[in-house]
Structures are given as C-alpha cells and as structure tokens.
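What follows is a set of notes on a single structure, which appears directly below.
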Amino acid sequence: MTLTIPGFDHIRLPGADGVELTAAVGGSGSPVVLLHGFPQTHLMWRHVAERLAGGHTVICPDLRGYGASDKPTATGPDVYAKRTMAADIVSLAAALGHERFALVGHDRGALVAFRAGLDHPETITHLGILDIVPTLDMWDVLRGVPAAVGYHLFLMAQPPGLPEAMIAGSADAFFGSFLDAWANDPTTMPEEVRAEYLRASAAAVTSIVADYRASAGIDVTHDQADQDAGSQLAMPVTVIQQDWGAQLGYDAAAVWKAWAPDLDHRLTRAGHFMAEEAPDEIAAAIQDLLAR
C-alpha cells in the first residue's frame, strides 16, 4: 500500500501527453505545488505540507516516472525532459482549477520547478528551489575529485542498458546509500518511510534513469538556449541549499542571481533531506516567499 500524507486526498490527475500523475491534495487557500526529489516520493513533503495546509491548498504530486504516477517508456529525449515534466505540473494544477500557483521543488523536483518557471512565467507566481543548481551550471561545477559526490549523475547519463541493469541488480543498496549518506539526521526518516522510498524507487529504475539521462542531454540543450537568450526567472525566487559552494568551490548565490534577479538565497545546516529534517525552517521559508 502506498504511503501518503495523512489527512490529504490521494487522487489521479492528468499530466501532459496522456500521462497521469498521482497527487496528495489538502488544505484550502492559494495554491502551492510541492515537487519531490530523488530517491523519494511526494511523501517527503508530509511535515511541510501539513504546516502549509492551514492557509493554502497544498498539492504534492509524484513526478512522472516516480511513485504511483505513470512511468512512460522513454522512446525519445523529450519523454523525461524537464520541459515535459513541467508541462505535467501545469496540466495537473489546471485540472484542479488553478491557472496560477506557487511552485516549490526539491532535488529532481527543483529542476522541474526551475524549468516551469522559465517556460511558464505567466503561471508560476513564486518559485522555491531546494538544494540544486540549474542543470547547465551543475555540470560546470562538478569538477575534479569533489565531483565524486555526484557519481550517480555520470552513471545514469550513460546510454540505455548498463545503468539500468547495474541499479536494478542492487536497487535497495543503491537507493538506500543516498538516503543514508545525504541525511544529517537519519532519525527524521522513519523506517516505514524509508521502506516506502526504497519500494517505490526499485519499481521505477528505468524511468528514474531516463529522468537523469535527460539531464545529460535535452535538459542541457534547453538551459543553454535560455542562457544564450538571456532568459531569467520573472517571479520571486527563494533558494535554500547546503553550502555546496564551499564544498565544490563556486559562488552558489552568484550562480542563482544570474537566473533569478528577485532572489532570496539561504544556506541551511540541515542535510539534503531538509524538508524532513527541518520542516519548520522550510515551511517558514516558503511562507516568506509567498509573502513577497
């Protein structure tokens, strides 16, 4: 049985190109969509969603290829392009009657949110980004020995076949290694939640790899085109991340300022899974964003 956010409705909604997404929806008020990261599902937002639901309609989908959402076969580069995945979210929100909404993403979901902000500036009112840099910048800052922290990005960028076979052959060990290594406080992820992430990820190896593979191909092309055109995020943006700039030797705030003129850039002492480790901090930051 799929675990979801207590007190929220768990429903199916239309994405793009005939794909259907599953989402947890709760609360009332102005809409906020929360997008999960790897190797997780919408469940990662359970604490933050409950804190926001008193004043907002909170929508937490599983991304295409993840959790209980559809997992289309990647027969071309566009199937898991962040542009396509962003179109999923716009369609899903519209099906709930929301033509404009705030959007917050973590990890892979943050890449989708970033693309939605560039492609749909008339739709995204506020944008929150947790613990990434844009794809184009990500490949630029991953240099030398420190880049080993992102080895999975290079593994899943390889042509179809070998990455899928290697990961499927030891799925729990592979996905579990990130849940363990990226958490400052593993006790904030109960065993039943960890088991749900492992179960959902093992059932989605092919689509997860396709999502990552797109970030070594079509997503770079889309980001480069926007950078060349001088495109920027038109809405208020809040970025919260670990101090990756210090670890990898780049100016994280400057990277984001180039894309987001109206930027609130924050560092956190929480680990990568900050929505679970520090839900009060993350919920408060989202409320601050929505007030801008």
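Remarks
- Residue in the stretch 119-132 that is surrounded by the most Cβ atoms within 10 Å (Cβ to Cβ), counting only those that are closer than 21 Å to A225 by Cβ and touching a Lys or Arg at 6+ places or on another chain (Cβ under 9 Å): I124
- Here the strands (runs of 3 or more DSSP E) wholly within the stretch 1-108 that include at least 3 residues being open to solvent by 10 Å² or more (accessible area, probe 1.4 Å) are 9-14, 20-27.
- Here E192 meets each of (1) surrounded by 18 or more Cβ atoms within 10 Å (Cβ to Cβ); (2) at pLDDT 95 or above with one exception, condition (1).
- Every test in (1) out of contact with any Phe, Trp or Tyr (no Cβ under 9 Å at 6 or more places or on another chain); (2) surrounded by 14 or more Cβ atoms within 10 Å (Cβ to Cβ) is passed by H272 save one, and that test is (1).
- Taking the stretch 159-170 as the range and being outside any helix (DSSP H, G or I) and either free of Cβ contacts under 8 Å to residues at least 24 places away in the same chain or open to solvent by less than 40 Å² (accessible area, probe 1.4 Å) (or both) as the test, the residues that pass are P159, G161, G169, S170.
- Candidates D280, D243, D262, D251: the one that is under 21 Å from F178 (Cβ atoms) and charged (D, E, K, R) is D243.
- Restricted to the stretch 247-257, and to residues there that are without any contact (Cβ under 8 Å) to a residue 24 or more places away in the chain and hydrophobic (A, V, I, L, M, F, W, C), the residue that is farthest from D226 (Cα to Cα) is A253.
- Cβ separations smaller than 7 Å between residues 6+ apart or across chains give the following pairs from the stretch 81-92 residues that are charged (D, E, K, R) to residues that are outside any helix (DSSP H, G or I) and surrounded by 21 or more Cβ atoms within 10 Å (Cβ to Cβ): D88/G15; D88/L21; D88/R64.
- Selection of first residues in the stretch 195-216 that are in contact (Cβ under 8 Å) with a residue 40 or more places away in the chain and surrounded by fewer than 24 Cβ atoms within 10 Å (Cβ to Cβ) and of second residues that are of a type in the set (S, T, Y) and part of a helix (DSSP H, G or I), restricted to Cβ pairs under 6 Å at least 6 apart or on distinct chains, gives the following pairs, ordered by first then second residue: S215/T135.
- Test: residue in the stretch 139-151 that is open to solvent by less than 50 Å² (accessible area, probe 1.4 Å), at pLDDT 95 or above and part of a helix (DSSP H, G or I): no
The values are calculated or read from the model by the stated rules, or taken from the named source; none is laboratory data. None of these values were measured; they are calculated from a predicted model. Here the Cβ is made from the backbone with ideal geometry for all residues, glycine too, and neighbour counts use every protein chain on show. Side chains included, ligands, DNA and RNA excluded: accessible areas come from the protein's heavy atoms. Shrake-Rupley method; radii C 1.70, N 1.55, O 1.52, S 1.80 Å.
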